[in-house]
Structure formats: structure tokens, C-alpha cells
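**Student:** Before we start, here is the structure in question, set down as C-alpha cells.
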Amino acid sequence: MKKKHVVNVVGARPNFMKMAPLLREMSKDEVFQSSLVHTGQHYDEIMSKVFFRDLNMQAPDFSLDVGSGSHAVQTAEIMKAFEQVCHRAKPDLVIVAGDVNSTLACSLTAVKLQIPVVHLEAGLRSFDRTMPEEINRIVTDSISDVLFTTEESGNVNLRREGVAEEKIHFIGNTMIDSLVSCAGLLFQTRLEGALGGLDGAPYFLATVHRPSNVDEPVPLSQVLDILESASQYAPVLFVAHPRTRGRLGQIGRASALVEIDDKLRKIRRGSVYLLPPLPYIEFFKLMSKCTAVLTDSGGIQEETTFLGIPCLTMRENTERPSTVELGTNQLVRLDEPIVSSCLKTIMSGKWKDAAVPPLWDGHAAERAVRVLRKIFGRN
Ligand code: UD1
């Protein structure tokens, strides 16, 4: 039987950990042969290349190198380049992941060439159309043929939007597959320099990059006020995305932050430490040992729930409600008194009892490939 040619698309950092387990599973399968396309939406060594190493991912067969740009420019450039790949590679199906511009651009290109589209992490909704990711999710889901969901809310949202039941497949969370498969590497990872002394001491881990939190001076200053106030309880390690770092310089608050460098000897309460983006395993290690996470990331809400680490999400809403209803996550907006009261509870060891959502068990990619084999496995 001729193998089915699957083109898997990645483009930005959060795609890598979702796609790696699926690629690995497909490479063992006798029905499918996969190629990997990297759109180049993220292109820096630290935003992209290190993840291929840490996640043991095959090198891309096609690199589109589109880089940064406005939403329209980035999406259009990816569509133009991906159309050429589809003409050359003639895929039997295209798999996209998550909610970034690459997801939207490649699903739209494929569906117009009448190539079936599979969406990994379908159905999530924040119900906030000011988020670029929400538009990407709605459009991608509406044109995909197979919708792989990670949590019950995804199934409910898709049904409400009129998606046919046979398109929806609840397979669990492939990002958790990546955490499970990398867990064994944690003890081999040494935290370098000043971070080496952290083991055992309480600290908070912070990340922010959502346009609504960082693009304007007022919300970004509120974020910094929150982190400074949190540091009264324990030192804060602020891992800054390139988008955030750029804005910090512009609002003139970067000097209040302590850059982590080799000369730093000790991490102290009362300070917010600024770190560059980190490789997957190093970030995983910092996250698994911290007292709590302050974030606006989508993926980190899920990873902390799986790890049982308290998570305070500095947003008005979440497209991942199971992390709040079942897991360790709580929405705190940019409200410093709420954050402070949550941190007091966390420091006294009384955070809510939490459970891991169904099918976040390290086997989601296996379930996905079984479904794909049933649908596309016949010639
Ligand atoms: C994108 C995703 C977001 C995801 C985030 C994770 C969209 C609409 N947004 O946001 O959902 O949570 O990735 O990181 O797709 N830059 C670099 N190096 C890089 C890539 C970007 O310095 O390798 C800088 C550029 O200045 C760029 C800015 O970061 O303009 C923003 O990058 P972009 O891809 O537009 O969106 P993100 O904010 O990363």
C-alpha cells in the first residue's frame, strides 16, 4: 500500500511541543509518511532551534523563513510560500497545531487546494475577539476536516458552532505528551550560574507576552507593579519574550529589573530578575520547582495544571477553562490586590485541591494517529 503523505506544520514556539509527539508517533506508522514544514514565524535560535534539540524533533523538510511582520503581511507571506510547498509535496493531508498565524495561513492554503486539514488543539475559545489567536482558532476550526480536542470545553464549543459530531475527536493534550516524555531529562539538566542555587528556595516564575498586556505602557506597568509586589514574598524570575523585552526598554522600567548574568551570586527576595527566553527543558525545570507561576501564556496554564504548580493567569479570560475548573489555575487579571491575596494563600500552602483533566496522560499522539489511520488509512 502506498503511504499517505502528511505535511505537518510548525511556525511559532508553542507549536513545537504540540507537534513533536505526533511526528514521532507517525514516524513509526506504516500508513503515513510525514514531512515537516517550518514557516519561520519564530526564527531565533532561542525561540525555535533549541526546541528541535530539546524535543528531539526531525529537522524541517521545508523552511519558509517568513520572519516577523504585521498580521496581514506574515499571514500572506506564509500562504504564498506554503502554496508552493503543497504544489511540490502534493500532501494527502495537512496537520496544523494551536492558534498562531502559521496555523491559520496553512489551513486556509490547504483547504483551498482541496487538501484535507487536521487541526490539533481544536475548539478552545476565549470568547474574546480582540485576541489574534481567537480569530485564528475560529477560522481554522471552521475549515478543518478533523478536529482534535484537548478538553471537554473544546467539544462543547465545536458542537455549539454546528460542527458535525464525526469531525470532533477528543484525544487529549499532545503538549502534555511532550512534558511526560521529557520528564526523565530533568535531573540531567543543571541550572547554570545564579539559578544553580535555587533548588529548594521558594521563587515565582513569570512570563508575559500577550499584546493586550505588553503592547501599551499602562498594562505593562501594571504587570511590573504586580511582579514587584510579588517579589516581597519570594524572588521573581521574569522570563521575557522578545516582544516584551522590546517594550520594557520603551517604557523605561527595565532598570528596576535585575538582569541575570554570571556575576550574580545570589537570588534575593524583593527583586525581580530578568531572564532571556529559555530552552524547553530548562524552562520545564524552573516551572516544576517553583512556588507559583504568574503568566498570560495559554500553554503554561496547562503545563502547571499537569505539574500541580499554582498558576495565576494575568488575563480576563481563558480558552482553557479546565485548568481553572479542575486544575491549579486562577484568573487574576491585572489586579494587584487579588494577586497578593492569592500569593499569601499559596505561601501558606493552602492552594486549591486540583486534578489533571481527562486524557492528559502522555498518550494523546497515539490516540490521534489511531483516529487518522481509521479516516485516511484506506487507499
Ligand atoms: C506568537 C503567537 C502567540 C504565541 C506566541 C508564543 C500569533 C498571532 N501569536 O506571538 O499566539 O503565544 O507566538 O511566543 O501567531 N521575535 C523575535 N524572534 C523570533 C520571533 C519573534 O525577536 O524568533 C519578535 C519580533 O520582534 C516580532 C515579535 O517578537 O515582531 C512578535 O512575534 P510574532 O510572531 O509576531 O508574535 P508573538 O508575540 O511571538
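The values are calculated or read from the model by the stated rules, or taken from the named source; none is laboratory data. No experiment lies behind these values; they were computed from the predicted model shown. For neighbour counting, all protein chains shown are included, and Cβ atoms are generated from backbone atoms with ideal geometry for every residue, glycine included. Remember, those area values only see protein heavy atoms, side chains included, never the ligands or the DNA or RNA. Shrake-Rupley method; radii C 1.70, N 1.55, O 1.52, S 1.80 Å.
**Student:** Mind listing whichever residues of region 8-48 are within 9 Å of the ligand (Cβ to nearest atom), of a type in the set (S, T, N, Q) and farther than 13 Å from Gly98 by Cβ?
**Tutor:** Ser48
**Student:** Shifting gears a bit: Residue check: is Glu133 within 11 Å of the ligand (Cβ to nearest atom), charged (D, E, K, R), crowded, with 19+ Cβ neighbours inside 10 Å and under 19 Å from the mean Cα position of the chain (by Cα)?
**Tutor:** So Glu133 passes the test.
**Student:** Answer yes or no as to whether Leu113 is at pLDDT 95 or above, open to solvent by less than 10 Å² (accessible area, probe 1.4 Å) and either over 30 Å from Asp262 (Cα atoms) or among the aliphatic types (A, V, I, L, M) (or both).
**Tutor:** For Leu113, the condition - at pLDDT 95 or above, open to solvent by less than 10 Å² (accessible area, probe 1.4 Å) and either over 30 Å from Asp262 (Cα atoms) or among the aliphatic types (A, V, I, L, M) (or both) - is not met.
**Student:** Away from the ligand (no atom under 13 Å from the Cβ), modelled with pLDDT under 95 and surrounded by fewer than 19 Cβ atoms within 10 Å (Cβ to Cβ) - does that describe any residue in region 235-251?
**Tutor:** yes
**Student:** Continuing with this model, one more query. Show the residue pairs that are 6+ apart or on different chains and have beta-carbon atoms under 6 Å apart, the first residue being within region 13-32 and farther than 16 Å from Val118 by Cβ and open to solvent by 10 Å² or more (accessible area, probe 1.4 Å), the second being within 16 Å of the ligand (Cβ to nearest atom) and outside any helix (DSSP H, G or I).
**Tutor:** Arg13/His42; Pro14/Gly98
**Student:** Scan region 49-65 for residues that are open to solvent by less than 40 Å² (accessible area, probe 1.4 Å), more than 16 Å from the ligand (Cβ to nearest atom) and assigned to a loop (DSSP other than H, G, I, E, B) and report the count.
**Tutor:** Selection size over region 49-65: 1.
**Student:** Here's something else I'd like to know. Mind checking which pairs have a first residue in region 294-308 that is more than 17 Å from Arg243 (Cβ to Cβ) and a second that is at pLDDT 95 or above and among the basic types (Lys, Arg), Cβ under 8 Å, 6 or more apart or different chains?
**Tutor:** Gln301/Arg320; Glu302/Arg320
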